[in-house]
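Heads up, the thing below is written out as structure tokens.
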Amino acid sequence: MQQLDQQFIDNRWTPSRGERCLPVMDPYREVVIAEVSAGHPDDVDDAVAAAQRALPAWRALSGAERADYLERFADALARRRDELVRLSSSNNGKVLAEAGIDLDDAIACYRYYAGQARELDQRQGRLVELEMAGVEARCYHDPVGVVGLITPWNFPLVTSAWKLAPALAAGCTAVLKPSEVTPLPERALAEIALEIGLPTGVLNLLFGDGVGIGAPLAAHPGIDKVSFTGSNRVGEAVMHAAAERTADVSLELGGKSPILVMEDADPEQAADWVMAGIYFNAGQICSATSRLLVHEAIAEPLYAALASRIDALTLGDPQTEGTDMGPLTSARQRENVLAYLAVAEREGLRAVRDASHRQLPAKGYFVAPTLLRDVPTTSRLWQEEIFGPVLCARSVASEAEAIELANASDFGLAATVVCADRQRAVRIGRQLQAGSVWLNGEQLVLPETGWGGFKRSGIGRELGPWGLSAYLAVKHLVGPI
Ligand code: NAD
């Protein structure tokens, strides 16, 4: 078992000032694979001070110079592909193919923001068109400063790439706090920083939980902006902490996203997209399309197609080729999901497929892929994020009803529309309150398109040029010519 009780500050591994340690699990084997520090607020002071010292030189580099480091980051991740895919698989319980997709997404993100950093040079000092004569105004984009980046456990390398790549591209220096549940994949980022010669203090990595690191980081007066991905409960606490000093926040929070299947859709094709939207990563996806709204005309064939696909899923060792679904990432998350399934039982919800339809592997934090039909809109299972392989479905009589129910949610992160007529899909998509709407396809997340939610799904956007803007402050130099 690895003892990883050190923090990465000023390009050095230094012992945490805290004494507590936390076990890191392999959720399939149910064994402790490492121990990491729980962190201490003094670690946060040290890391923020390091990032502050590094800021003047890092922000003074051109975007093109920072882009070179981001390209090197991407190259280093690509070189370590096999090792990192296995590490994510063992720490997260992700099947190898999914861990590979994550890593490729992260690499694409570092490369995309290398391009954005170069473009930023072209945008600096642009003349602003003015009505007033005899005055010149030029627009600059400055880094917001030292940023605190807090990530969850479901897609560690991806969620950190979406923050770190644009932050570094913008000229910010960073203190990154991975989830205490899955610290191992992101630990590699510190090793890569050393390997590629990233200047001292530009990236500091702190291991720990919410008490040791998360809350002190969000509240630290030296942190100019906090970018947080995780639960609504913690996101709200982060926002409160930032509000105390009027600091900027970006929040990527939960979801309860709908998938709408219209009567002209092919049920077999639709079933593939429904499956991909809920059982990928064992359903632990913020954008999981976990509410299925199917037109009553094709509800029965769709449920039948889903049942046969669920039966065909192989659950088991995520590190074995051919496994379709691994365990949930932690015992705690399995408990959370099982608590919802207990509510489903109490409410008498009708299962097309659940644990009674299959034998689960003897070891590992597994939850059976579950499909519940005719779920009332008043049920907690319909309204709340479950964050596991549980699909709640109900049929609708019309397009208008599908849209109304899709939007009747506190969340608005994503949605999928499945119908034969593309024009109709666009029309429906335009009426949905969601940051990403997929038309006749799987969850396609691209570095060039924005990511983020309406309503309680968060504040701000990651990815695309908006992801870079989140780390830039607009400044104008104005005066008579
Ligand atoms: P979480 O909120 O429990 O933890 C997220 C991070 O916050 C962890 O690093 C944790 O240690 C830290 N933290 C805990 N307490 C803190 C505090 N008081 N102050 C500051 N930081 C603190 O979330 P989780 O269980 O790790 O992740 C699952 C949640 O993340 C789900 O709700 C999911 O929808 C959401 N998520 C959203 C997106 C998105 O892009 N919108 C992406 C992935 C996950």
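Tell me the residue from Ser227, Ser231 that is assigned by TED's automatic domain parsing to the domain that holds Trp13, among the polar types (S, T, N, Q) and under 16 Å from Trp153 (Cβ atoms), please.
Every option except Ser231 fails the conditions.
Applying the selection to region 402-417, what residues are touching a residue at least 60 places away in the same chain (Cβ under 8 Å) and farther than 30 Å from Lys94 by Cβ?
Ala402, Ile403, Leu405
Looking at Ala167, Ala188, can you tell me which residue is assigned to a helix (DSSP H, G or I), in contact with a Phe, Trp or Tyr (Cβ under 8 Å, 6 or more places away or on another chain) and not charged (D, E, K, R)?
Result of the check over Ala167, Ala188: Ala167.
Quick one: Gly171 ticks every box in (1) of a type in the set (Gly, Ala, Ser); (2) within 12 Å of the ligand (Cβ to nearest atom); (3) open to solvent by less than 10 Å² (accessible area, probe 1.4 Å) except a single one, so which number is it?
(2)
Which count do you get for residues in region 246-266 that are more than 15 Å from the ligand (Cβ to nearest atom) and farther than 30 Å from Pro301 by Cβ?
Qualifying residue count, region 246-266: 2.
Could you say whether any residue in region 218-233 is assigned to a helix (DSSP H, G or I) and of a type in the set (Phe, Trp, Tyr)?
No.
Are there helices (runs of 4 or more DSSP H) fully within region 301-411 with at least 1 residues that are more than 26 Å from Ser231 (Cα to Cα) and open to solvent by less than 10 Å² (accessible area, probe 1.4 Å)? List them.
399-407
Residues checked against (1) crowded, with 19+ Cβ neighbours inside 10 Å; (2) more than 16 Å from the ligand (Cβ to nearest atom):
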position: Val437; (1), (2): yes, no
position: Arg456; (1), (2): yes, no
position: Glu462; (1), (2): yes, no
position: Leu468; (1), (2): yes, yes
position: Lys475; (1), (2): no, yes
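Tally the residues that are touching a residue at least 60 places away in the same chain (Cβ under 8 Å), open to solvent by 10 Å² or more (accessible area, probe 1.4 Å) and within 10 Å of the ligand (Cβ to nearest atom), restricting the search to region 200-213.
Adding up the residues that qualify gives 2.
Among what's in region 421-436 and is part of a loop (DSSP other than H, G, I, E, B) and closer than 22 Å to Phe411 by Cβ, pick the residue that is farthest from the chain's Cα centre (by Cα).
The residue in question is Gln431.
Any idea which of Val181, Val158, Val144 is near the ligand (Cβ under 10 Å from one of its atoms), closer than 23 Å to Gly115 by Cβ and β-branched (Val, Ile, Thr)?
Sole residue among the options that is near the ligand (Cβ under 10 Å from one of its atoms), closer than 23 Å to Gly115 by Cβ and β-branched (Val, Ile, Thr): Val158.
Go through (1) within 18 Å of the chain's Cα centre (by Cα); (2) within 16 Å of the ligand (Cβ to nearest atom) one by one and return the number of the condition Ala276 breaks.
(2)
Which ones in region 253-280 are open to solvent by 10 Å² or more (accessible area, probe 1.4 Å) and over 19 Å from Asn440 (Cα atoms)?
Answer for region 253-280, where residues must be open to solvent by 10 Å² or more (accessible area, probe 1.4 Å) and over 19 Å from Asn440 (Cα atoms): just Leu253.
Which members of region 214-240 meet the condition of being crowded, with 20+ Cβ neighbours inside 10 Å and near the ligand (Cβ under 7 Å from one of its atoms)?
Listed by number, the residues that qualify are Gly214, Leu217, Ala218, Phe228, Thr229, Gly230, Gly235, Val238.
For region 12-45, enumerate the residues that are more than 27 Å from the chain's Cα centre (by Cα), outside any loop (DSSP other than H, G, I, E, B) and of a type in the set (Asp, Glu).
Result: Asp42, single match.
The values are calculated or read from the model by the stated rules, or taken from the named source; none is laboratory data. These numbers come from a predicted model, not from an experiment. Heads up, the Cβs are rebuilt from the backbone with ideal geometry, glycines too, and the neighbour counts pull from every protein chain shown. Ligands, DNA and RNA are excluded from the accessible area calculation, which covers all protein heavy atoms including side chains. Shrake-Rupley method; radii C 1.70, N 1.55, O 1.52, S 1.80 Å.
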